[in-house]
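Peer 1: Okay, here's the structure, questions in a sec.
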Amino acid sequence: MYGRSFLGTGMNSRKIAVYGLMTALAMVLSYVEAMVPVSLGVPGAKLGLPNMVTMVALYTVGARAAFSLSLLRIVLVGLSFGNPFAAFYSFCGFLLSFAVMVLMKRSRAFGILGVSAAGGVMHNVGQLICAAVLVKTGYVFTYLSVLLPAGVIAGVLIGILGGILTKRLKGFIL
């Protein structure tokens, strides 16, 4: 029933449908990204297509929902066609990048491009911090020379696409 609370959760059926579609889209983008080999000279480096859904969610349905959707995507993708280590690294990168993106967005000093670019960079930094702790060496930070520019470029591209989608979906989503 449209507009009614779902099992007392305070979520109406429209919200549930939107969140389900966003989660499914993020999973599809994760799958597409896994199928398209991109070599940046660093193992596991990717464009970050599913982060477009995170950006759209952050700017349309809010930080709490964007966090939940992204966390759900990481778990589902890790279980479906990833591996536990990839999911763990993704989770670590996500935590740092999401925190930075939320703070930057709340400051209102940055637009979606700046927020997304910082998110791309911080995702890479978060993953390197995780790797440094796991392998007990700071040597992994030598990858920053490749990952920082890659994070900025990927973040800007995701920000551009996310910005276009956000403008088109702003009044439609909820």
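The values are calculated or read from the model by the stated rules, or taken from the named source; none is laboratory data. Just so it is clear, the model here is predicted, and its values are computed rather than measured. Here the Cβ positions follow ideal geometry from the backbone for every residue, glycine too, while neighbour counts run over all protein chains shown. Side chains included, ligands, DNA and RNA excluded: accessible areas come from the protein's heavy atoms. Shrake-Rupley method; radii C 1.70, N 1.55, O 1.52, S 1.80 Å.
Peer 1: In degrees between 0 and 90, to the nearest 10, how far off the longest principal axis of the chain does helix 112-135 point, with axes built from Cα atoms?
Peer 2: Taking Cα atoms only, the helix is inclined about 50 degrees.
Peer 1: Now, a different point. Rank-order 66-79, 49-62, 97-110, 137-150 by packing density, defined as the average count of other C-beta atoms within 10 Å over each peptide's residues, highest first. If you can, show how the numbers build up before the last one.
Peer 2: Working: 66-79: 18.8, 49-62: 23.8, 97-110: 16.8, 137-150: 14.6.
Ranking, from highest mean packing down: 49-62, 66-79, 97-110, 137-150.
Peer 1: Further question: Counting only other residues whose beta carbon sits under 15 Å from that of Leu72, what net charge do I get with K and R as +1, D and E as -1? Walk me through the numbers before you get to the answer.
Peer 2: On the way: positive: Lys15, Arg64, Arg73; negative: none.
Local charge sum for Leu72: +3.
Peer 1: Dimensions of the range 76-164 along principal axes (Cα, Å, largest first)?
Peer 2: 37, 31, 21
Peer 1: Taking K and R as +1 and D and E as -1, what net charge do the other residues with C-beta under 13 Å from the C-beta of Gly163 add up to?
Peer 2: Numbers: positive: Lys105, Lys167, Arg168, Lys170; negative: none.
Taking every other residue near Gly163 into account, the sum is +4.
Peer 1: Using only the alpha-carbon atoms, what does the range 127-174 span along each of its principal axes? Please give whole angstrom values in decreasing order.
Peer 2: Result, largest extent first: 48, 22, 6 Å.
Peer 1: Could you grab the relative contact order for the range 64-174? Cα pairs under 8 Å, six or more apart, rounded to a whole percent.
Peer 2: Working: 105 pairs, mean separation 28.1, N = 111.
Relative contact order of the range 64-174: 25 percent.
Peer 1: Same structure, new question: Working from Cα positions, state the angle (0 to 90°, nearest 10) between the long axis of helix 144-173 and the longest principal axis of the chain.
Peer 2: Tilt relative to the chain: about 10 degrees.
Peer 1: Using only Cα atoms, tell me the angle between helix 51-60 and the longest principal axis of the chain; keep it within 0 to 90° and round to the nearest 10.
Peer 2: The helix 51-60 is inclined about 40 degrees to the chain.
Peer 1: How much of the accessible area of the chain, in percent, comes from carbon and sulfur atoms when a 1.4 Å probe is used? Walk me through the intermediate numbers first.
Peer 2: On the way: 7070 of 9960 Å².
Whole-percent figure for carbon plus sulfur exposure: 71.
Peer 1: Leaving out ligands and nucleic acids, and using a 1.4 Å probe, what accessible area per residue does the chain come to in Å²? Walk me through the numbers on the way to the answer.
Peer 2: Working: 9960 Å² over 174 residues.
Roughly 57 Å² per residue, with all protein chains present.
Peer 1: Next question. When the Cα centres of the range 67-82 and the range 114-174 are compared, how far apart do they sit, in Å?
Peer 2: Between the Cα centres of the range 67-82 and the range 114-174 lies a distance of 17 Å.
Peer 1: Using only Cα positions of the chain, each an equal point scatterer, no hydration layer, compute I(q)/I(0) via Debye at q = 0.20 Å⁻¹ and quote the log10 values to two decimals.
Peer 2: -1.40
Peer 1: Taking amide H positions as placed in the peptide plane 1.01 Å from N, state which residues far from Asn12 in sequence (5 or more) or on other chains have amide H under 5 Å from it.
Peer 2: Residues meeting the amide H criterion: Phe6.
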